[in-house]
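The values are calculated or read from the model by the stated rules, or taken from the named source; none is laboratory data. Keep in mind it's a predicted model, so treat the numbers as computed, not measured. In this analysis, Cβ positions are derived from the backbone assuming ideal geometry, glycine residues included, and neighbour counts consider all displayed protein chains. To get the accessible areas, we keep the full protein, side chains included, count just its heavy atoms, and leave off ligands, DNA and RNA. Shrake-Rupley method; radii C 1.70, N 1.55, O 1.52, S 1.80 Å.
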Amino acid sequence: MMRQYLTKGVIFFISLLIVLSPYLSYFGKKTIVAEAQTTSIGAIIEDEETVITPGVKQRKIHFTNERGSQRLSMLDVNLADKNLSIEVGLPNGKYPGLQTLTNQAKLVSKENHTVIGGVNGDFFNTSTGDVSGLLIHKGEILHTGVRGAFGITKNGKAIIGVPEFVHTVKVKGAEYNVSGINTSRGTDQLVIFTPDFGTSTNTNQYGAEVILENVQGDVKSVGTVKATVKEVRNSQ
């Protein structure tokens, strides 16, 4: 038996996509060029603001400081606008994997659902695509982590913090703490792997793995899951 507890609304993205729905044929532009001035980030050479669509502005700042010439790009999104939404982007529509942010946006863009902006949301393994932090896609936990996470609640409120969650496994009355889901297994850690992770757990031989069947419930969602032990594999 497994119980999961996760603060409602906490979502962390491998990539974050800003979606315009329905599509609006309005792309205005307003540019502000600032004279050189000194700020907390350095001496600003140019400050440009562009209206991408109602509710979304892009700001580009060219500045210099002790590290040399630098450029900063930001998106300001009005989450109260019902035509706008922010959603998870996954490589080729699944996890884990590798795909450029531009191609992730193209994959999900369609009529009345147009991606107009995006940003990488986590550090990841450049060989496998495994992320290092918490990843929740459409309410399902694909990867757990103890790093700080960014999320959006159901009412559109943006939140940032370290998520607190508890997973436990009960076997014949004994209860064990779970270290994570679809993440690297360390010494004396109990990790749960789901089919989303792929055909292999990619672990070493210094441990044991238990294969479960007759799974009732969804381990990726908050709640209780029951399953039967099919096989135990030691030192493989």
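The single condition among (1) touching a Leu at 6+ places or on another chain (Cβ under 8 Å); (2) without any contact (Cβ under 8 Å) to a residue 60 or more places away in the chain; (3) open to solvent by 50 Å² or more (accessible area, probe 1.4 Å); (4) closer than 24 Å to Pro96 by Cα that Tyr176 does not satisfy is (4). Are any of the residues in the stretch 31-47 part of a strand (DSSP E or B), at pLDDT below 60 and either open to solvent by 70 Å² or more (accessible area, probe 1.4 Å) or more than 25 Å from Pro163 (Cβ to Cβ) (or both)? No, because not a single residue in the stretch 31-47 is part of a strand (DSSP E or B), at pLDDT below 60 and either open to solvent by 70 Å² or more (accessible area, probe 1.4 Å) or more than 25 Å from Pro163 (Cβ to Cβ) (or both). A count restricted to the stretch 105-146 and to residues that are surrounded by fewer than 17 Cβ atoms within 10 Å (Cβ to Cβ) and under 28 Å from Thr50 (Cα atoms) stands at 10.
For the stretch 119-149, the set of residues classified as under 18 Å from Lys220 (Cβ atoms) and part of a strand (DSSP E or B) consists of Val131, Leu135, Ile136, His137, Glu140, Ile141, Leu142, His143, Ala149, listed by residue number. Checking each residue in the stretch 165-189 for being of a type in the set (Val, Ile, Thr) and either out of contact with any Ser or Thr (no Cβ under 8 Å at 6 or more places or on another chain) or part of a loop (DSSP other than H, G, I, E, B) (or both) picks out Val166, Thr168, Val169, Val171, Val178, Thr183, Thr187. Being more than 30 Å from Glu46 (Cβ to Cβ) and open to solvent by 40 Å² or more (accessible area, probe 1.4 Å) is the filter here, so list the residues in the stretch 84-102 that pass it. Of everything in the stretch 84-102, those that are more than 30 Å from Glu46 (Cβ to Cβ) and open to solvent by 40 Å² or more (accessible area, probe 1.4 Å) turn out to be Ser85, Glu87, Asn92, Gly93, Lys94, Leu98, Gln99. Applying the condition of being of a type in the set (A, V, I, L, M, F, W, C) and in contact with a Ser or Thr (Cβ under 8 Å, 6 or more places away or on another chain) to the stretch 103-127 and asking which residue is farthest from His137 (Cα to Cα) yields Ile116. Set side by side, the residues Val51, Val19 differ, and just one is hydrophobic (A, V, I, L, M, F, W, C), at pLDDT below 90 and not in a helix (DSSP H, G or I), which is Val19.
Remark: pairs (first residue in the stretch 221-233, open to solvent by 90 Å² or more (accessible area, probe 1.4 Å); second residue among the aliphatic types (A, V, I, L, M) and not in a strand (DSSP E or B); Cβ separation under 6 Å; 6+ apart in sequence or on different chains) = Lys226/Met1. Only one of the listed residues (Ile152, Ile181, Ile159) is surrounded by 14 or more Cβ atoms within 10 Å (Cβ to Cβ), farther than 17 Å from Lys220 by Cα and at pLDDT 85 or above. That residue is Ile159. Filtering the stretch 193-218 to residues that are of a type in the set (Ser, Thr, Tyr) and either at positive phi or open to solvent by 50 Å² or more (accessible area, probe 1.4 Å) (or both) leaves Thr199, Ser200, Tyr206.
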